[in-house]
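The values are calculated or read from the model by the stated rules, or taken from the named source; none is laboratory data. Owing to the predicted nature of the structure, the values given are computational and were not obtained by experimental measurement. Because the Cβ atoms are built from the backbone with ideal geometry, glycine has one as well, and the counts that use them run over all protein chains shown. Just so you know, the surface numbers come from the protein's heavy atoms only, side chains and all, with ligands and any DNA or RNA stripped out. Shrake-Rupley method; radii C 1.70, N 1.55, O 1.52, S 1.80 Å.
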Amino acid sequence: MNTLKTLFLFLITSFTVSAQELYTPRNIKNAYDNGTRSYDGKPGKNYWQNRGKYDIQVSVDEKNKIVTGKETIVYTNNSPDTLKSAAIRFVNNIHKPESPRSGYVGADFLSSGLKISSFRVNGQAYQVNSTNWGTVASVALKSPLPSGQSATFVIEWNYPLSKQSGREGQIDNTSLFVAYAYPRISVYDDYNGWDMIPHSDRTEFYNDFNDYKLAVKAPKNYVVWATGDLLNPDEVLEAEYASRLRKSYTSDEVIHIATAAEMKKGGVTKPKDDNIWKFEANNISDVTFSLSSSYLWDAGSIVVDKKTNRRVSVQAAYNEAANDFSHAVEWGKLALDWFSNNWPGVPYPFSKMTAFQGFADMEYPMMVNDSSTPDLEFSQFVLNHEIAHTYFPFYMGTNETRYAFMDEGWATTLEYLIGQQQLGKEKAAENYKKFRVQRWISDPSTEQDQPIISMSTQVSDAGYGNNAYGKPSLAYLALKDLLGDEVFGKALHTYMDRWNGKHPIPWDFFYSFNDATKQNLNWFWNNWFFSSSYIDLAIEKVIVKGNNYTISVKNAGGFAIPFDLKVIYNDGKEQLIHRTPETWKNNRKETFFEIRADAPVRSITLDGGIFMDAKPADNIWLKKL
């Protein structure tokens, strides 16, 4: 018994030591040393996370496009630290002329930004001048907030909606998408403290999981769509339209809640000068809303959890001229069903999904803001990608600002996998190579091959796009090929179960997969995430001795990719030999194959499929005549 116990402890210790082989920045290493995170991939015994309860009242002046709001935030400090300040984040200050941005913007993008008219903490008034604020600012607390205690913030503010609509702003004269519309308390976490990274309009977001009540005051004839459940349909909608909405919650068919003609005529909403639309969503990372007096409104529902028969409302709001959006509810239902039951195979976690026609091609909790295109296949492709973001970052709480590959890479992977079902494997692979791989692998410039682990704020242009989307997606798909679907699926669910509603970082993902698979995958993580590799295989040489062929395959690019070896015989017959990334585990530079052929071989070809090769010309061997 003692011998077995000693062996067990040795194996556990060896596994933990091996898990430490990955490069780890000092601040993140401190988090593991402090027990907030664990080398077995689980949240540590000392893990904590701060939280807020937001009660937001906001109104939109449809004439001058000014958003005005008041919010009460009950913020709880679950950290072991006494907080002497609070970081206040307001993303839409990106529109201020003084704000640093990742690229050029036009005059219609610019605005005066946030104006704080009142700021109180625990009843104490603060003289806060937001004139010189960027997208995040620190406010010194008059009374520090001790560990385990809560503080109540009451903030009143206003800001102008950007005339140029991107992730938010004015869509047209009668339609607005109002995102990031409230000052929020930035994340305070165990590895960086306050998140003070400015928003640059490239990297995306990092938010705590909070509870929200949202009340939107909108003019008569304006319908409001938002994150969360609509609590008072009978107070804001005329009886017929409230009835249609309720019916849609259990309908398998698409119901026209309000047609374009009905919206033009008016009378969809209650005939008051203003209606207050009330929504609620709990344990979620953000809320957003949109409103229009002209967009038509479709809705239906889909069962996302076959064990409980839980249904989700799927809605769409769009201009009648947008032919692709007439399919949005059906496409949304297909996406939610597929993601819930295939990959990632986790039932859609929220009560609603709304597709709103805008310009952003952007995801928000329970909503997407997508542009309209005449290409129905592409429109569905984009919708699939944005809905896939439900899981990463909204289910998992990843830090998109620092590690975009933890959400964009997964959304790109899910977009490809659902595409196989909807378009067929060949067409899905063609689209994936065209949109996600080709520009990277065809461009040898230095920034293209920065390690994926590089902070997303420190790479730019194509370097950012490759590290956020294509390269990590290829890594996840290579991992799927390496482990096989069953083991990969179990490990993915283990990771998601452990970190749902929390803030995982890349090392939590790496260690969780190591633990769930009982494999030391550090060789794979180092290869794909910590190196400057790319994809370039070559048939180095083929030695023929009678019917025996010895094939040397060189890995000049360095990435551990799966590939097929296609052997064509003189008689036209083909043999396909698949190799998983395991081929490169012990030797990253070269691997060998032995083939005993029953007939003379005409050619041997390396085919990486979606793992496109930088130099495909040396991927084929032809028998010399």
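For this structure, a couple of remarks:
- Gain on full stretching of the segment that runs from E426 to D337 - 0.36 nm per residue minus C-alpha separation: 29.8 nm
- Percent of C-alpha pairs per 10 Å bin in the stretch 328-378, short distances first: 23, 53, 24, 0.
- On the basis of the beta-carbon distance and an R0 of 45 Å, E320 and D461 show a calculated FRET efficiency of 0.75.
- Ranking of H256, H327 by solvent-accessible surface, largest first: H256, H327 (1.4 Å probe, protein heavy atoms only, all chains present).
- Accessible area per residue, Å², the chain with all protein chains present, probe 1.4 Å: 42
- Whole-number percent relative contact order across the stretch 122-261, with pairs defined as alpha carbons under 8 Å at least 6 apart: 13
- HN-Hα J in Hz across the stretch 320-330 - Karplus 6.51, -1.76, 1.60, θ = phi - 60°, x for Gly and Pro: 4, 7, 7, 5, 5, 6, 5, 9, 4, 5, 5
- Stretchable slack from D443 to D485, in nm (0.36 nm times residue separation minus alpha-carbon distance): 11.9 nm
- Extent along the principal axes, Cα only, for the stretch 379-481: 36, 33, 28 Å, with the longest axis given first.
- Computed E for K541/K434 - FRET, C-beta separation, R0 30 angstrom, nearest 0.05: 0.35
- Kirkwood hydrodynamic radius of the stretch 51-191, from the reciprocal of the average inverse Cα-Cα distance over all distinct pairs: 16.1 Å.
- When the square roots of the Cα gyration tensor eigenvalues are ordered a ≥ b ≥ c, the ratio a/c for the stretch 443-509 is 1.5 or more and a/b does not exceed b/c, which makes its shape oblate.
- Phi-based couplings in Hz for the stretch 447-452 (Karplus 6.51, -1.76, 1.60; Gly and Pro marked x): 5, 4, 10, 5, x, 4
- For T354, residues with placed amide H under 5 Å, excluding near neighbours: Q315, M367, V368
- The stretch 247-304: C-alpha gyration tensor shape, a/c 1.5 cut-off, then a/b vs b/c: oblate
- Once the chain from K502 to T550 is taken as fully extended at 0.36 nm per residue, the excess over their C-alpha distance is 12.2 nm.
- Calculated on the Cα set of the stretch 508-625, radius of gyration then Dmax: 16.1, 55 Å.
- Shape of the stretch 35-75, Cα gyration tensor, a/c cut at 1.5: prolate
- Cα-only Debye scattering, the stretch 495-566: base-10 log of I(q)/I(0) at q = 0.13, 0.23 Å⁻¹: -0.59, -1.02
- Residues D305 and K272, FRET efficiency given R0 of 45 Å [Cβ-Cβ distance, rounded to 0.05]: 0.75
- Distances between placed amide hydrogens fall under 5 Å for I302 paired with V312, V314, all partners being 5 or more residues away or on another chain.
- Per residue, the chain reaches -7500 deg cm²/dmol at 222 nm when only DSSP H runs of four or more residues are counted, each adding -39500 (n - 2.57).
- Its alpha carbons give the stretch 131-214 an Rg and a Dmax of 15.5, 48 Å.
- Computed from backbone phi, the HN-Hα couplings of the stretch 290-306 come to 9, 8, 7, 9, 10, 5, 7, 9, 10, 7, x, 8, 8, 6, 9, 10, 6 Hz, rounded to whole numbers (Karplus: 6.51 cos²θ - 1.76 cosθ + 1.60, θ = phi - 60°; Gly and Pro given as x).
- The stretch 295-442: mean projected area of Cα convex hull, nm²: 9.0
- Long pairs among K45/K333; K65/K265; K63/K96; K490/K573; K45/K518; K425/K573, criterion Cα-Cα beyond 28 Å: K45/K333; K490/K573
- The label-point distance for Y23 and S147, in a model that sets each label 7 Å from Cα toward Cβ, rounds to 3.3 nm.
- The Cα-based radius of gyration of the chain, divided by its Kirkwood radius, gives an Rg/Rh of 1.01.
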